[in-house]
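J.: Dropping a structure here in structure tokens format, bear with me for questions.
The values are calculated or read from the model by the stated rules, or taken from the named source; none is laboratory data. Keep in mind that what you see is a predicted model, and the values were worked out from it rather than measured. FYI the Cβ positions are ideal-geometry reconstructions off the backbone, even for glycines, and counts take in every protein chain you see. The protein model used for the area step is the full one, side chains on, heavy atoms only, and it has no ligands, DNA or RNA in it. Shrake-Rupley method; radii C 1.70, N 1.55, O 1.52, S 1.80 Å.
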Amino acid sequence: MRKRAPGTVFPLVAALAAALLAGCGWAGDDGPGRGEPIVMGMTDDVLSTDPASGYDPGSWLVFNNVFQSLLSFPAGGTEPQPEAAEKCGFTDRMSQRFTCRLRDDLHFSNGDELTSRDVKFSFERTLRINDPDGPAVLLSTIDTIETPDDTTVTFHLTQPDATFPQKIASGAGSIVDHRAYPADALRTDGEAVGSGVYTLDSYTGDEAVFEVNSGYQGPAEVKNSGMTMRLYHGDQQALKDAVENGEVDVAYRGLAGEDIEALDAAARSGRGEGLKVVDGTSAEVQHLVFNLDDPVAGNRAVREAIAWLIDRGALVRDVYHRTAEPLYSIIPAGITGHNTAFYDAYGDEPRPDKAEEALRAAGITEPVDLTLWATPVRFGPDTVAAFEYLADELNDSGLFRARVRSVDAAAFAEGVANGEFGVYVRGWVPDYPDPDNFTAPFFGPGNVLQGGYESERITGELLPHTETLGDRAETLGDFTELQDIVARDLPLIPLWQGHQYAVAAEEIDGLQWSLDASTVFRFWEIGKSTDG
């Protein structure tokens, strides 16, 4: 996209923006945390403790608790608030200049002072390293960063980007100490130096121990005295056993749908043995993605036939035990612009007659050989079972001979990048709760789908226009058209939208503040009551 000159400063716009994002509240005077330490478990892995890499739920869970960003999402909210910053705002009418002023007396956990130099270093470092498994793509609109003094940082953007505050409120905006991190390489020792609510005391690959950061300056108020996170590496049964046996206080991300259903039923009936299931909102989605350069999946008739045959309702009932909802477009429910483009085009019941009609019109008269590629942990623990269910749905029509191949996360990523897979899974936990985050990473330059799909209308007109609109309600028409185009062209098929669940001991509270649409799991909101 053509580079544009930075806009002009408009004092009134700057004042209004600063007022909208003005800081509110500091941590209380109760000292560095209170209450009992908490032990939680999950089946996700932590792929990196360096925020220039690690674009996965486990890593971002670490980043959101150990590092500060200039802005953060408040519990239950989707509008960023100041975190390391005292206030932030756009200082021009084109959403191309964004300025923040830091809080006073910020320090990293090692005692080093945090200044605007560290902010500039952190963003430039992520962009310079440009790790393929990192979040640099979210920062691609940054042109230059100015730091006129120790507490002021100004981002000049290459184009209007109304979602920039949300992007830097995510894990991509994590601030690191310029003295503790190399400028052009990842830190690989499993340690972390941040200024967030917690410090990473130790990390072994199987367990991470977090202590409350006594020097933290920001809005969070800590409800516990520390957190231990145990990783079960995709082993759903081990996680279930751990929460039932009291080895962990909280099980988050990774229990099988049938286990959540059974534990919830037991808790409601009074047979739950001191456990409860906490249900929260989520914008996590999963798609079936097509490589349009593949000789089979590249045939639109094949993709259309699949769209006519998928029964999302049966999938979420039989595999996910209603812990997810059918999804009929790329933007999930609860996010601005959501529509039901795939429901409108293909309905919600299998139509083998329509599928056969599409194939025959393309001259395809024999069953289509098709491999569906999945990976067992990266996009949720039920992914392989779900894809086997989808393969059965296709085969039951007599129009396909589908099979499922499952490989580990590294082999899966390599196969997608090399164009080896014709049909494959893609899960998505949003970085920020805006329709842009469900569209630009999929259809913009350097997109994560890597499926060879291009739409000039989407990338050249619709997405750039939405980036100029600070009032996100004004993007409704553009995002509606975008979703309709995707339903017509079929570069992917949306499958489901998840719920967030945590299973916890009865004495655990505050989990509802970590299960919202921002997908930020806030350690500090979780407390543990004691007898007496």
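J.: Among the residues of segment 257-269, are any open to solvent by less than 10 Å² (accessible area, probe 1.4 Å) and under 26 Å from the mean Cα position of the chain (by Cα)?
T.: Of segment 257-269, the ones open to solvent by less than 10 Å² (accessible area, probe 1.4 Å) are 257.
Cutting the leftovers down to under 26 Å from the mean Cα position of the chain (by Cα) gives us 257.
Yes; the residues of segment 257-269 include at least one that is open to solvent by less than 10 Å² (accessible area, probe 1.4 Å) and under 26 Å from the mean Cα position of the chain (by Cα).
J.: Consider only pairs whose beta carbons are under 7 Å apart and that are at least six residues apart or on different chains; among these, list those whose first residue lies in segment 449-476 and is more than 13 Å from residue 435 (Cα to Cα) and whose second residue is of a type in the set (Lys, Arg) and open to solvent by 30 Å² or more (accessible area, probe 1.4 Å).
T.: Cβ pairs passing all conditions: 449/426.
J.: Separate question: Identify the single condition in (1) in contact with a Lys or Arg (Cβ under 7 Å, 6 or more places away or on another chain); (2) on the phi > 0 side of the Ramachandran plot that residue 86 does not satisfy, given that it satisfies every other one.
T.: So residue 86 meets the others, but not (2).
J.: Right, here's the next one. Can you give me the number of residues within segment 208-238 that are within 23 Å of residue 255 (Cα to Cα) and basic (Lys, Arg)?
T.: Selection size over segment 208-238: 1.
Each row is one residue, and each column tells you yes or no for (1) open to solvent by less than 50 Å² (accessible area, probe 1.4 Å); (2) under 21 Å from the mean Cα position of the chain (by Cα); (3) free of Cβ contacts under 8 Å to residues at least 40 places away in the same chain.
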| position | (1), (2), (3) |
| --- | --- |
| 280 | yes, yes, no |
| 283 | yes, yes, no |
| 287 | yes, yes, no |
| 317 | no, no, yes |
| 341 | yes, no, no |
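J.: I want to confirm something. Restricting to segment 57-66 and keeping residues that are in contact with a helix residue (DSSP H, G or I) (Cβ under 8 Å, 6 or more places away or on another chain) and not polar (S, T, N, Q), which single residue is least open to solvent (accessible area, probe 1.4 Å)? Break it down stepwise before answering.
T.: Of segment 57-66, the ones in contact with a helix residue (DSSP H, G or I) (Cβ under 8 Å, 6 or more places away or on another chain) are 59-60, 63-65.
Adding the requirement that they be not polar (S, T, N, Q) leaves 60, 63.
Working: 60: 27, 63: 2 Å².
If we take residues in segment 57-66 being in contact with a helix residue (DSSP H, G or I) (Cβ under 8 Å, 6 or more places away or on another chain) and not polar (S, T, N, Q), then 63 is least open to solvent (accessible area, probe 1.4 Å).
J.: Filter the strands (runs of 3 or more DSSP E) completely within segment 136-225 down to those with at least 2 residues that are open to solvent by 10 Å² or more (accessible area, probe 1.4 Å) and more than 29 Å from residue 94 (Cα to Cα).
T.: On the way: elements: 142-149, 152-157, 198-203, 207-212.
Ranges flagged: 198-203, 207-212.
J.: Would you mind stating whether residue 302 is open to solvent by 30 Å² or more (accessible area, probe 1.4 Å), closer than 21 Å to residue 397 by Cβ and either in contact with a strand residue (DSSP E or B) (Cβ under 7 Å, 6 or more places away or on another chain) or assigned to a helix (DSSP H, G or I) (or both)?
T.: Values: open to solvent by 30 Å² or more (accessible area, probe 1.4 Å): no; closer than 21 Å to residue 397 by Cβ: yes; either in contact with a strand residue (DSSP E or B) (Cβ under 7 Å, 6 or more places away or on another chain) or assigned to a helix (DSSP H, G or I) (or both): yes.
It is false that residue 302 is open to solvent by 30 Å² or more (accessible area, probe 1.4 Å), closer than 21 Å to residue 397 by Cβ and either in contact with a strand residue (DSSP E or B) (Cβ under 7 Å, 6 or more places away or on another chain) or assigned to a helix (DSSP H, G or I) (or both).
J.: For segment 81-110, give me each residue that is surrounded by fewer than 21 Cβ atoms within 10 Å (Cβ to Cβ) and either free of Cβ contacts under 8 Å to residues at least 12 places away in the same chain or of a type in the set (Asp, Glu) (or both).
T.: Across segment 81-110, the qualifying residues are 86, 92, 104, 105.
J.: Kindly provide the set of residues from segment 289-299 that are buried (at least 22 other Cβ atoms within 10 Å of the Cβ) and part of a loop (DSSP other than H, G, I, E, B), ordered by number. Even if it seems obvious, please write down each step before you answer.
T.: Within segment 289-299, the subset buried (at least 22 other Cβ atoms within 10 Å of the Cβ) is 289-291, 297.
Listed by number, the residues that qualify are 291, 297.
J.: Keeping to segment 241-258, report how many residues are touching a residue at least 40 places away in the same chain (Cβ under 8 Å) and outside any strand (DSSP E or B). Outline the logic, then answer.
T.: Going through segment 241-258, the residues touching a residue at least 40 places away in the same chain (Cβ under 8 Å) turn out to be 242-243, 246-258.
After this cut, where a residue has to be outside any strand (DSSP E or B) as well, the list is 242-243, 246-249, 253-258.
Count: 12.
J.: Would you call residue 127 of a type in the set (A, V, I, L, M) and either more than 30 Å from residue 417 (Cα to Cα) or surrounded by fewer than 23 Cβ atoms within 10 Å (Cβ to Cβ) (or both)? Before you say what the answer is, go through the steps one by one.
T.: Values: of a type in the set (A, V, I, L, M): yes; either more than 30 Å from residue 417 (Cα to Cα) or surrounded by fewer than 23 Cβ atoms within 10 Å (Cβ to Cβ) (or both): yes.
Yes; evaluated as a whole, the condition is true for this residue.
J.: For segment 354-404, name all the residues that are surrounded by fewer than 16 Cβ atoms within 10 Å (Cβ to Cβ) and either within 27 Å of the chain's Cα centre (by Cα) or of a type in the set (S, T, N, Q) (or both).
T.: Passing the criteria: only 365.
J.: Return the residue satisfying two criteria in turn: it lies in segment 480-507 and is of a type outside the set (D, E, K, R) and assigned to a loop (DSSP other than H, G, I, E, B), and of such residues it is modelled with the lowest pLDDT. Write out each step before concluding.
T.: Narrowing segment 480-507 to residues of a type outside the set (D, E, K, R): 480, 482-483, 485-487, 490-505.
Subset that is assigned to a loop (DSSP other than H, G, I, E, B): 490-491, 499.
Numbers: 490: 98, 491: 97, 499: 87.
Of everything passing the filter in segment 480-507, 499 is modelled with the lowest pLDDT.
J.: Restricting to segment 278-311, name every residue that is of a type in the set (S, T, N, Q) and modelled with pLDDT under 95. It would help to see each step written out before you state the result.
T.: Filtering segment 278-311 for residues of a type in the set (S, T, N, Q) gives 281-282, 286, 291, 299.
Within segment 278-311, 281, 282 qualify.
J.: Another question about this same structure. Can you report the number of residues in segment 446-478 which are in a helix (DSSP H, G or I), open to solvent by 60 Å² or more (accessible area, probe 1.4 Å) and touching a Ser or Thr at 6+ places or on another chain (Cβ under 9 Å)? Write out each step before concluding.
T.: Narrowing segment 446-478 to residues in a helix (DSSP H, G or I): 456-466, 472-478.
Of the ones still in play, those that are also open to solvent by 60 Å² or more (accessible area, probe 1.4 Å) are 456-457, 461, 465, 473-474, 476.
This time we only want the ones that are touching a Ser or Thr at 6+ places or on another chain (Cβ under 9 Å), so: 465, 473-474, 476.
The total comes to 4.
J.: Residue by residue through segment 512-532, note down the ones that are part of a helix (DSSP H, G or I), modelled with pLDDT of 95 or more and open to solvent by less than 30 Å² (accessible area, probe 1.4 Å).
T.: 523
J.: Moving on. Go through segment 207-238 and report how many residues are closer than 12 Å to residue 39 by Cα and aliphatic (A, V, I, L, M).
T.: Looking only at that region, the number is 5.
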